[in-house]
1. Assuming R0 = 35 Å, what is the FRET efficiency of residue 105 and residue 135, from their Cβ-Cβ distance, to the nearest 0.05?
2. When ligands, DNA and RNA are left out and all protein chains stay put, how many square angstrom of accessible area per residue does the stretch 31-141 have with a 1.4 Å probe?
3. Not counting ligands, DNA or RNA, and with a 1.4 Å probe, what is residue 117's accessible surface area in Å² rounded to the nearest 10?
4. Under the Karplus relation 6.51 cos²θ - 1.76 cosθ + 1.60, θ = phi - 60°, what is the ordered set of whole-Hz ³J(HN,Hα) values for the stretch 228-245, x standing for Gly and Pro?
5. For the stretch 113-184, state what percent of all Cα-Cα pairs lands in each successive 10 Å bin, counting from 0 Å until the bin that includes the largest distance.
6. Apply 1/(1 + (r/R0)^6) to the Cβ-Cβ distance of residue 147 and residue 224, taking R0 = 22 Å, and write down the FRET efficiency to the nearest 0.05.
7. Length gain on complete extension for the stretch residue 185 to residue 32, per 0.36 nm per residue less the alpha carbon to alpha carbon distance?
8. What is the gain in length, in nm to one decimal, between residue 200 and residue 93 on full extension, counting 0.36 nm per residue of separation less the C-alpha to C-alpha distance?
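The values are calculated or read from the model by the stated rules, or taken from the named source; none is laboratory data. What you see is a predicted model; the values in this text were computed from it and never measured. No Cβ is skipped: glycine too gets one built from the backbone with ideal geometry, and neighbour counts run over all protein chains shown. Protein only, heavy atoms only, side chains kept; ligands, DNA and RNA dropped before computing areas. Shrake-Rupley method; radii C 1.70, N 1.55, O 1.52, S 1.80 Å.
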Amino acid sequence: MPALKAEEPGQEETVQDGGDVVYEKEHDDGVSPSDLSELLKAGTVDAHDKAENTQFVKDFLKGHIRKELFKLGTVALYFTYSALEEEMDGNRDQPQFAPLYFPEELHRREALAKDLEFFYGENWQAVVQLSEATRKYVDRIHEVGRSEPELLVAHAYTRYMGDLSGGQVLKKVAQRALKLPSTGEGVQFYTFDNISSAKEFKQLYRSRMNDLDLDQETKLRIVEEANRAFGFNMEIFNELERVGKTIKDEVLDGGLPEYDGKGDLSKCPYYAAKTAAGGGSACVCHMAMAVLRHPTGQVIMSACIALLAGVAAWYLM
């Protein structure tokens, strides 16, 4: 899934065992407000906030994510990173980008291919398609790589720093919400095997950015492009939100739907009894709705009605 954010100025995001997000103060010694890393942090604050407040991201962080949407998000990431890493490979010797070329540590294309094989099977390449919002993002990345390679810094910063920051939060949320294997299948995208410390690597990356030989005008263009990259990500989030509205509610755990927050669940006597017994938070009315949504449940219900009608007819004869 798209990462939550690139970086929050002066903060490091971690996840405790309980799943809560905790922010720790980062200490960047020797940085100047005119350094590219600082300009990017300050210049993309509004974009951070807007991305976090898209409905798709807010639902995701609450664990309200449908598997089908997560799969489509992974498809979008695959096409995005394929384009980005193709242009990075082609510009790895370009002086204004070369110091940020870390293929072994950062490249995500192969990890995403593994995730797509897990979700769609061995023939996943024949199944996945490039969406309209993702196509616009991909086209811009290729345009930048071919005509203004220095602006690749903006796209690399937005994506990879986000993956190493908020992306680690989303990994844990997805594993819990979708009941994915604890061994990492389906979320290989978030696993950086060649980075032992995300915090230290991000510090190195920022240092490399600040050492790039760039004039002030170019730095400001990179900040502008980073905001543009956030815009493309938000378009993908909104596209997924629209798709989600066309997908029927998924039934979880053999027929029990996840509580959607509507109505006063505490007033359901079954819920109260289950809570007292330390069980789950399901209600018989929710169970009934789940059964009726299921084709099998519909067949069984129809058969029961037919049987009752037959008995009633026999009794009245």
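1. Working: r = 28 Å, r/R0 = 0.80.
Once rounded, the FRET efficiency stands at 0.80.
2. On the way: 5120 Å² over 111 residues.
Value returned for the stretch 31-141: 46 Å² of accessible area per residue.
3. That residue has around 90 Å² of solvent-accessible surface.
4. Karplus-based 3J(HN,Hα) across the stretch 228-245 equals 5, 4, 4, x, 4, 4, 5, 4, 5, 4, 5, 4, 5, 4, 5, 4, x, 6 Hz.
5. Percent of pairs per bin, in order: 15, 30, 41, 13, 1.
6. Efficiency for this residue pair is about 0.90.
7. Working: separation 153, 0.36 × 153 = 55.08 nm, distance 4.12 nm.
So the extension gain works out to 51.0 nm.
8. Numbers: separation 107, 0.36 × 107 = 38.52 nm, distance 2.44 nm.
Result: 36.1 nm gained on full extension.
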